[in-house]
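Presented below is the structure to which this report refers.
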Amino acid sequence: MRHLWLVVVAGLMLGACSSSTGTTERERVIDMVVRLNEYWAEAAEEFSFDYQPIAHDRVTAPGPDARCDGEEIAAGDVEGNAVVITGCAEGLLIVYDSEYLTTSEVRLQAVLTHEWGHIVQAQAAEIDAAEFGLPIDAELQADCFSGAWWADESFESVAAARSDVANAGDSYDVPVDDAEAHGTPEERVAAFDLGFAEGPGACISDQLIDVLPDEG
Ligand SMILES: [Zn+2]
């Protein structure tokens, strides 16, 4: 069976600035899953799709729980990254590199909010920017959804989030139609800022098209 892998925030590691909230890494991930499920249950009403909450045990680091159709996802497949895997009999699966994800609280939020953009695209294919464009368009739409979350939920750390998104941008020699393209730092920040300024509805509007790169 063929599965669609949506590769997320590939890129550079920011300097370490660890959280000292006193909670475990896993608790921090679960807390974000709860927040994202709540956020998207509400935002989905605007898009008229039936958001299906993601169980926190389907958001996991590699290991026995990271299974799609019974097959374990290898740690090497998510190194320095996170992925959403659709089409699994067990349901959507999000697998993350724990070390990468938990570099900082902002990193954890930036990665998971972007991942949730792909979850929304998977659950509501009619709004997936890749349906009318290129893979890079879906990536930038996910950045836009991430920015929308930030405006509502974590306004005070938006500058750090923007830096993290920019640092994970592509180098300038990546072709716009590359299947792995995520956007240059400027493109990614423009998409993020659109969602931040205008909310999730902008990410499925002509306003998003305005920030997408020309297909060349
Ligand atoms: Zn992505």
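The values are calculated or read from the model by the stated rules, or taken from the named source; none is laboratory data. Treat the numbers as computed from the prediction; the structure is a model and nothing was measured. We place every Cβ from the backbone using ideal geometry, glycine too, and count neighbours over all the protein chains shown.
Key figures for this structure:
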| quantity | calculated |
| --- | --- |
| Condition broken by Thr23, with the remaining ones in (1) over 24 Å from Asp178 (Cα atoms); (2) at pLDDT 95 or above; (3) β-branched (Val, Ile, Thr) satisfied | (2) |
| Sole exception among (1) modelled with pLDDT of 95 or more; (2) over 18 Å from Ala110 (Cα atoms) for Val59, by number | (2) |
| Single unsatisfied condition, Asp178 versus (1) of a type in the set (Asp, Glu); (2) under 14 Å from the mean Cα position of the chain (by Cα); (3) not in a helix (DSSP H, G or I) | (2) |
| Test for Glu186: is it closer than 25 Å to Phe49 by Cα and away from the ligand (no atom under 13 Å from the Cβ) | no |
| Residue check, Thr113 farther than 29 Å from Pro62 by Cβ and within 15 Å of the ligand (Cβ to nearest atom) | no |
| Flag if Arg26 is free of Cβ contacts under 8 Å to residues at least 40 places away in the same chain, basic (Lys, Arg), more than 16 Å from the ligand (Cβ to nearest atom) and outside any loop (DSSP other than H, G, I, E, B) | yes |
| Close pairs (7 angstrom Cβ cut-off, 6 or more residues apart or separate chains): touching a residue at least 24 places away in the same chain (Cβ under 8 Å) and on the phi > 0 side of the Ramachandran plot in the stretch 172-201, within 14 Å of the ligand (Cβ to nearest atom) and part of a loop (DSSP other than H, G, I, E, B) anywhere | Gly183/Gly169; Gly183/Asp170 |
| Verdict on Ser163 being in a helix (DSSP H, G or I), under 17 Å from the mean Cα position of the chain (by Cα), surrounded by fewer than 16 Cβ atoms within 10 Å (Cβ to Cβ) and modelled with pLDDT of 95 or more | yes |
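Conditions (1) touching a Leu at 6+ places or on another chain (Cβ under 9 Å); (2) not in a helix (DSSP H, G or I), marked per residue:
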| position | (1), (2) |
| --- | --- |
| Val84 | yes, yes |
| Gly87 | yes, yes |
| Ile94 | yes, yes |
| Tyr100 | no, no |
| Leu108 | yes, no |
| Thr113 | yes, no |
| Val120 | no, no |
| Glu126 | no, no |
| Gly133 | yes, yes |
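Matching residues to (1) modelled with pLDDT of 95 or more; (2) more than 13 Å from Phe192 (Cα to Cα); (3) more than 10 Å from the ligand (Cβ to nearest atom):
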site: Val106; (1), (2), (3): yes, yes, yes
site: Gly117; (1), (2), (3): yes, no, no
site: Gln121; (1), (2), (3): yes, yes, no
site: Ile127; (1), (2), (3): no, yes, yes
site: Phe132; (1), (2), (3): no, yes, yes
site: Glu139; (1), (2), (3): yes, no, no
site: Asp143; (1), (2), (3): yes, no, no
site: Ser146; (1), (2), (3): yes, no, no
